[in-house]
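Here is the structure we will look at, set down as structure tokens.
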Amino acid sequence: MKAWQITAFGGPEQLALRDLPQPEPQAGEALVRVTHCGVNPIDRSVIGGRFSWLPLPHTPGAEIVGVVEALGPGTDGAPPPGTPAALAFRLFCGRCRHCLVGREEACLADPRGRSAPVSLGVTAPGGFAEYVVAPAQNCLPLPAGLAPAEACTAVVDGTTAWHMLDRARVTSGDQVLVVGATGGVGLYAVQMARLRGARVAALGGGADKARQLRDWGAELAIDYRTDDVLARVREWTDGRGVDVVVDPLGAGTWATSIAALAPFGRYVTCGILTGAEVTLNLAPFYAQQQEVLGSTGGSRADLARVLAELGAGRLRAAIWRQFPFAEAPAALTALDDRARVGKIVLQVTG
Ligand SMILES: [Zn+2]
């Protein structure tokens with residue numbers, strides 16, 4: 001089979017297309033023919049060496065959708081061969097205290113004790129390949145009628161956004177500010193907050209992106225390049241601030257995000273793309289009884305819910321561009337395109 005691999009850390013130019021033996025499913029595993037794989041900032045982090053201890057060569061690609069081709073022994077109840085499936089990207093043991101209550105994203109089973117998610121494309125071979133082997137328990141059948149290219153946007157970004165909104169208890173009537181709203185997680189967060197009956201303000205760069213954010217359901221689109229973000233938020237909330245800030249970006253937007261919170265406001269983050277270290281003035285924070293919440297990935301139940309909402313047409317996949325498999329390095333480079341709104345998807349096999 002063909003697979004894109006890195007043999008050294010660096011930029012997308014480190015990827016090389018190689019011929020590898022087709023993997024065989026062992027006990028508890030499924031062999032999946034990859035049809036589509038999302039291109040995610042986590043792939044850039046992996047290729048760039050954020051997890052410098054990763055054994056090389058390595059195949060990236062976390063957002064995998066394909067067709068179950070074969071099952072190893074001990075896979076009773078798994079989707080049978082021929083089933084189109086999305087692969088939950090976190091690997092999990094199914095036995096630890098978190099797995100037993102359906103919090104697979106917090107599974108304790110990393111045998112290496114590393115501070116990285118144990119997941120497809122990160123610490124296990126990923127979907128920039130024609131075939132991948134994954135635990136059968138990670139295979140979730142696609143709802144009838146859901147296009148696989150759309151489904152792959154749910155695997156990381158959709159699931160992550162859904163989980164963040166759960167963590168922040170977003171509910172009807174909340175006023176929610178989504179930061180980094182034109183990214184894959186952000187566009188899902190905008191839609192999902194609306195789905196829960198919340199009112200949404202979305203932060204993006206440039207007039208064209210602001211217009212698109214309104215098309216995706218934002219009541220207020222704020223252009224961080226030209227607008228006074230906090231002034232717009234105060235105006236929108238009658239001076240109160242927002243109930244929830246969904247901020248996938250990290251340190252770069254932290255100060256504004258915290259300042260935008262209302263009393264009892266909840267800040268939730270899932271990433272550190274713009275840095276990890278922040279400072280917090282505890283005086284207004286405790287006096288206003290606010291909360292800072294971490295969130296990482298999501299569970300199989302989260303993924304199943306997002307797939308169902310996509311299948312029912314209550315969510316839309318924001319696919320910006322699709323690239324053929326042969327152009328994986330260009331697809332990764334396109335993550336930085338300033339015009340990008342939504343997801344980049346790699347078409348792997350027909
Ligand atoms: Zn576990």
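Would you confirm, using the coordinates I've provided, whether GLY94 is of a type outside the set (D, E, K, R), assigned by TED's automatic domain parsing to the domain that holds GLN14 and within 16 Å of the ligand (Cβ to nearest atom)?
Yes, satisfied.
So if I check each of GLY294, GLY252, GLY275, which one is out of contact with any Pro (no Cβ under 8 Å at 6 or more places or on another chain), of a type outside the set (Val, Ile, Thr), surrounded by fewer than 17 Cβ atoms within 10 Å (Cβ to Cβ) and within 23 Å of LEU213 (Cα to Cα)?
Within the list GLY294, GLY252, GLY275, the selection yields GLY252.
May I ask you to verify whether THR35 is surrounded by fewer than 19 Cβ atoms within 10 Å (Cβ to Cβ), among the hydroxyl-bearing types (Ser, Thr, Tyr) and modelled with pLDDT of 95 or more?
no
Does LEU140 satisfy the condition of being of a type in the set (A, V, I, L, M, F, W, C), surrounded by 21 or more Cβ atoms within 10 Å (Cβ to Cβ) and either in the same structural domain as PRO57 (by TED's automatic domain parsing) or within 16 Å of the ligand (Cβ to nearest atom) (or both)?
On the way: of a type in the set (A, V, I, L, M, F, W, C): yes; surrounded by 21 or more Cβ atoms within 10 Å (Cβ to Cβ): yes; either in the same structural domain as PRO57 (by TED's automatic domain parsing) or within 16 Å of the ligand (Cβ to nearest atom) (or both): yes.
Criteria met by LEU140.
Condition check ((1) out of contact with any Phe, Trp or Tyr (no Cβ under 9 Å at 6 or more places or on another chain); (2) touching a residue at least 60 places away in the same chain (Cβ under 8 Å); (3) of a type outside the set (Gly, Ala, Ser)) across all residues:
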{"position": "SER257", "(1), (2), (3)": "no, yes, no"}
{"position": "GLU277", "(1), (2), (3)": "yes, no, yes"}
{"position": "GLY298", "(1), (2), (3)": "no, yes, no"}
{"position": "ALA304", "(1), (2), (3)": "yes, yes, no"}
{"position": "LEU307", "(1), (2), (3)": "yes, yes, yes"}
{"position": "ALA334", "(1), (2), (3)": "no, yes, no"}
{"position": "ARG340", "(1), (2), (3)": "no, yes, yes"}
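The values are calculated or read from the model by the stated rules, or taken from the named source; none is laboratory data. Just so it is clear, the structure is predicted and the values come from calculations on it, not from any experiment. Glycine also receives a Cβ, built like all others from the backbone with ideal geometry; neighbour counts cover every protein chain displayed.
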